[in-house]
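Shown next, in structure tokens, is the structure this report addresses.
The values are calculated or read from the model by the stated rules, or taken from the named source; none is laboratory data. Everything quoted here is computed from the prediction, not taken from an experiment. No Cβ is skipped: glycine too gets one built from the backbone with ideal geometry, and neighbour counts run over all protein chains shown. Side chains included, ligands, DNA and RNA excluded: accessible areas come from the protein's heavy atoms. Shrake-Rupley method; radii C 1.70, N 1.55, O 1.52, S 1.80 Å.
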Amino acid sequence: MKRKVKKYKLAAAAAAFLVTAVTACLVFYYSTQHSLALNGDQEITIGLYGVYEEKGARASLGGKDASDQVKTEGEVDSSKPGEYIIKYSIEGMSLERKVTVLDKMNPEITLKGEEEMTMKLGERFSEPGWEARDSSGRDITAEVEVSDTDFKKAGEHFVEYTARDSSGNRTMIRRKVEVEPNPGLDSPGLPICMYHYVYNKEDPPEDLNKRYGNYISSADLEEELKWLNEEGYYYPTWQEVRDYVDGKLILPDKSIVLCFDDGALSFLENGIPVLEAQKVPATCFMITSSDGENKVSKYRSSYVDYESHSHNMHRAGGNIGHGGIFTAISREEGLADLKESIRICGSGDAFAYPFGDYNDSSRSMVEEAGFLCAVTTQYGKAEPGDDPLLLPRVRMVMGQSLEKFKSAVEP
């Protein structure tokens, strides 16, 4: 009997030892396979307006790097002295970092002149100056780094001044600059090119010589697009065009907008492949009553934006210009037409007047419909100060040489 009790005790002790060993192994496995550690020091001190660099934390889950899953909470406002806590957490584990912002700058920067300035877009920024010293009093004014002051957009901007000392401390302060729109901005002008139909030279259409020279071969189009890309041309959006003519944006001198009017199959089938091959964006001004819904759906492309050339106003009925009906139609009919075309195109950024005809009434309807821009057939480049709803264009014609194209669009 005593032997049996002893055996049971030995078995129980062995089982207890085994459980303890397994538990210890699990704890060891967990502690080595799951971890969270700070990158950098746990406590950091910076001067007023000091530059705090968030170094984050590194983590491991199941022996695999999970640093990108660490949740970081808290931020440091170095413009206000005090203590800030940054928390890092993942899978039940958490750590904290304390950042202390002193009440003095180190190094110290002093701005000359006003801390808030106003200027017009396109004007040269008149720098009032600054001074800087490190903690030992050494003049480091000449070593201060200043951010770009060549502002390209109207609105609120900041000039940043950054000073460094030999110990690696950095201070960064900012001067606020309000840049006002400038409709009188000097500019070489923006060519908004007006194309129509695109054909294949090996299979020319029957009406090639009867469509007022509105055709261009796919080969000639490709040559022009290649040249634009080689020259580094920029292709602005219609919002950027609007901001440009409103004097709120400076576009690169080499900027251009390409438009194809009507939404004819010749462009959709022969022109879009060229645009896609050269990766050049363009606008197709679609007459949406001419199978517009099907065309927009079938010929959808990341390089083509479909915009309105009206729904069913590309027809006779007026007595202005080419006699388009838009100048004579009622306001109710005109707005209904524009809204239908916007629905089908899926965008209301830009509008092309049918036949280029317009009057005060049609312009007013275009504005009420909410278009950002509208283009006419008046020849010329768009410039700051132009009416955004009556923009001129540069007509592209059949048989034009590459040299003629260059002369028409170059700054």
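Does the stretch 317-332 include one or more residues that are surrounded by 22 or more Cβ atoms within 10 Å (Cβ to Cβ), over 18 Å from THR376 (Cβ atoms) and without any contact (Cβ under 8 Å) to a residue 60 or more places away in the chain? Looking through the stretch 317-332, none of the residues is surrounded by 22 or more Cβ atoms within 10 Å (Cβ to Cβ), over 18 Å from THR376 (Cβ atoms) and without any contact (Cβ under 8 Å) to a residue 60 or more places away in the chain.
What tally of residues in the stretch 380-411 results from selecting those that are aliphatic (A, V, I, L, M), surrounded by fewer than 19 Cβ atoms within 10 Å (Cβ to Cβ) and in a loop (DSSP other than H, G, I, E, B)? Adding up the residues that qualify gives 3. Criterion first (open to solvent by less than 50 Å² (accessible area, probe 1.4 Å), in contact with a Ser or Thr (Cβ under 7 Å, 6 or more places away or on another chain) and outside any loop (DSSP other than H, G, I, E, B)) does SER310 satisfy it? Spelling it out, it is not the case that SER310 is open to solvent by less than 50 Å² (accessible area, probe 1.4 Å), in contact with a Ser or Thr (Cβ under 7 Å, 6 or more places away or on another chain) and outside any loop (DSSP other than H, G, I, E, B). Restricting to the stretch 283-300, and then to whatever is touching a Cys at 6+ places or on another chain (Cβ under 9 Å) and open to solvent by 10 Å² or more (accessible area, probe 1.4 Å), can you tell me which residue is farthest from LEU335 (Cα to Cα)? Residue satisfying both the conditions and the ranking: TYR299. For the stretch 33-84, filtered to residues that are among the β-branched types (Val, Ile, Thr) and within 33 Å of the chain's Cα centre (by Cα), the residue that is nearest to PRO107 (Cα to Cα) is VAL51.
Checking each residue in the stretch 355-379 for being outside any strand (DSSP E or B) and in contact (Cβ under 8 Å) with a residue 60 or more places away in the chain picks out PHE371, LEU372.
Elements of the type strands (runs of 3 or more DSSP E) sitting completely within the stretch 191-234 and holding at least 1 residues that are among the small types (Gly, Ala, Ser): these cover 215-217. The strands (runs of 3 or more DSSP E) falling completely within the stretch 1-78 that include 2 or more residues that are in contact with a helix residue (DSSP H, G or I) (Cβ under 9 Å, 6 or more places away or on another chain), at pLDDT 55 or above and within 17 Å of GLU96 (Cα to Cα) map to 57-61. Here the stretch 123-142 is the region considered, the condition is being open to solvent by 50 Å² or more (accessible area, probe 1.4 Å) and in a loop (DSSP other than H, G, I, E, B), and the residue that is nearest to PRO107 (Cα to Cα) is SER135.
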